[in-house]
Amino acid sequence: MEEGSSMQHAEANEAMPLPAALDVSAVSHAYGRKHVLSDVSFSVARGRFTVLLGLNGAGKTTLFSLICHLYNTRHGSIRIFGHEISRQPGQALRRLGIVFQSRTLDLDLSVEQNLLYHASLHGIARLEARERIGTLLGQVEMSDRLRDKARSLSGGQMRRIEIVRALLHRPPLLLLDEATVGLDIQSRADILAAIRNLVANQGISVFWATHLIDEVDDDDDLVLLHQGKVLANGRVSDIVASTGTVNVGQSFALLTRSASTHRGGHKE
Amino acid sequence: MTPLPAPDTMAAGAHDEPAFGFAQYLICFRGIVFREALRFLNQRERFVSALVRPLLWLFIFAAGFRQVLGVSIIPPYKTYILYEVYITPGLCGMILLFSGMQSSLSMVYDREMGNMRTLLVSPFPRWFLLVSKLFAGVAVAILQVYVFLAIAWFWGVRPPLAGYLLVLPALALSGMMLCALGMLLSSMIKQLESFAGIMNFVIFPMYFASSALYPLWRIQESSPLLHKICLANPFTYAVELIRFALYGQIELTSLLVVMACILLFLGGAIYAYDPSNGLLSRRQDTGGNA
């Protein structure tokens, strides 16, 4: 009887799908009376590169702030690998590596001091942190800048350090909010390629917010956010096919235009 | 840029990781204190200006007022004292007050520059992060007070030797109260530019409407209303706690008021910085450029 029960349990476990890397369900948010997000729902699958595409002011950064628990989710729920951010913020945040839109390095500290500080905020001992920092800085070809003040780095170099920092505690999900804004073409391409490489070779899940259509690949997953609402969600190639367009740029233009027209129609 | 290495736990994720143990909490605490210390060392002018301010009061203001203001024998003093001796605890309080507000300024700066977000997205509990930051700020402030007391010793302000040790808990408690107040204020200040308001509406009124410069009985003689304001000012109790501790005594009322204020201000700051209750998510500046 017990054996049967444990077998059933094992079967049930096998049948139960693993939770998504990120699951956003019916999330709304407002600053006072200003509604920024309305009933936003989507998932980021494990080991996938998911793009959050939206114009400036679409609500991308607010959504990021909710996912990072900087703001509380008052309406809806956000789960990271099954851990709800409001109820288990510690478990959820341990699985998150975050690169914010604006620079968040302490400019008066050295690269090493910035990274050691981040490691301590994740409870990583100095010895182990130094090892990880050495490896990661080598990979981004910045080992020689270890002792330099963050202030002396270029924009692209700062971004690389921020990515190293986001990976230091070995998170399975990486969030990047407009990570290539303000960078030159080569730095943008390098950073995007490195992040895509993480997905392809290491199975890390990435949630990449951008307003630049040329950063979207046909094989990516896409969440199209416009005026606080999700207009489309799925594989880019599927969205392009379903809208009857030839590329994601046209799909984006079509969907946002029709959403704006629809909203305008309602107003009338 | 060569391919980045993978975290070795990437495939996992769904399983509960063991809760942080004492060692991890200690690592986090040390990291926050170490960063504050580094920031302080990197800003030497901050250290110098924190010392120059009370020393000017001691060398110039107190010397000038020595002849004007007589201080009768009041506890904890057992003899007539010079005015310099009287205002020294108040000047220690001044260092703590400015340092507390400085930490408030640095939190607003961190928030504007985005550094605050790296702290707030740590998986450690928010209250622990804020308390660690509070301790870091207090440690830096106490260091400044001891340097000031050492200089004051050469100026003839010489409390009993044991007083230098006994005053440490009083400095720690007063520093915590004022840093917690600074932290609470930082949650309410939207922009760095608003810090001038803190100077005018918090630091100066707190300092002048207290027992830092004049004994309370003298204030009562000149203005009963001002005396009542001084009694309602938590800074008065911080100064008296330091004054008595410096002479090896405990002023119980001051101790209780300071401890109650720590709980109140720190509780308020934790409330304000907690995303589930806080004030921050109702506006668009914390998380950045929402």
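Readers should treat all values here as calculations from the given coordinates under stated rules, not as data from a laboratory. This structure is a prediction, so every number in the text was calculated from the model and none was measured. Cβ atoms come from the backbone with ideal geometry, glycine included; neighbour counts cover every protein chain shown.
Below are the figures for this structure:
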{"read-out": "Highest to lowest packing among B:253-262, A:118-127, scored as the average C-beta count within 10 Å", "value": "A:118-127, B:253-262"}
{"read-out": "Binned Cα-Cα distance frequencies in region A:185-260 - 10 Å width, integer %", "value": "17, 48, 28, 6"}
{"read-out": "Rounded D (µm²/s) - region B:37-276, Kirkwood Rh over Cα pairs, Stokes-Einstein at 20 °C, 1.002 mPa s", "value": "117 µm²/s"}
{"read-out": "J(HN,Hα) series, region B:181-186, from Karplus relation 6.51 cos²θ - 1.76 cosθ + 1.60, nearest Hz, glycine and proline x", "value": "5, x, 5, 4, 5, 4"}
{"read-out": "Lysine pairs within the protein assembly as shown, Cα separation less than 24 Å, 8 or more sequence positions apart or different chains", "value": "9"}
{"read-out": "Value of D in µm² per second that Stokes-Einstein yields for the protein assembly as shown, Kirkwood Rh from Cα pairs, at 25 °C (0.890 mPa s)", "value": "94 µm²/s"}
{"read-out": "Residues of region A:74-104 with amide N under 15 Å of a point placed 7 Å along Cα→Cβ from A:Asp39", "value": "A:75-77"}
{"read-out": "Sorted by Cβ density within 10 Å, fewest first, the residues B:Thr79, A:Thr135, A:Thr243", "value": "B:Thr79, A:Thr135, A:Thr243"}
{"read-out": "Extension gain, A:Ser237 back to A:Arg74 (0.36 nm per residue minus Cα-Cα distance, nm)", "value": "55.3 nm"}
{"read-out": "Point-charge dipole on Cβ atoms (K/R +1, D/E -1) for the protein assembly as shown, about Cα centre, debye to 20", "value": "1820 debye"}
{"read-out": "B:Leu41-A:Thr245 pseudo-label distance in nm [points 7 Å out on the Cα-to-Cβ vector]", "value": "5.5 nm"}
{"read-out": "Long-range HN-HN contacts of A:Gly97 with modeled amide H, under 5 Å", "value": "A:Leu173, A:Leu174, A:Leu175"}
{"read-out": "Estimated inter-spin distance, B:Phe61 and B:Ala172, nm [label 7 Å along Cα→Cβ]", "value": "2.9 nm"}
{"read-out": "Chain A: relative contact order as a whole-number percent, Cα under 8 Å and 6+ apart", "value": "24 percent"}
{"read-out": "Mean projected area (nm²) of the alpha-carbon convex hull when region A:18-267 is viewed from all directions", "value": "14.3 nm²"}
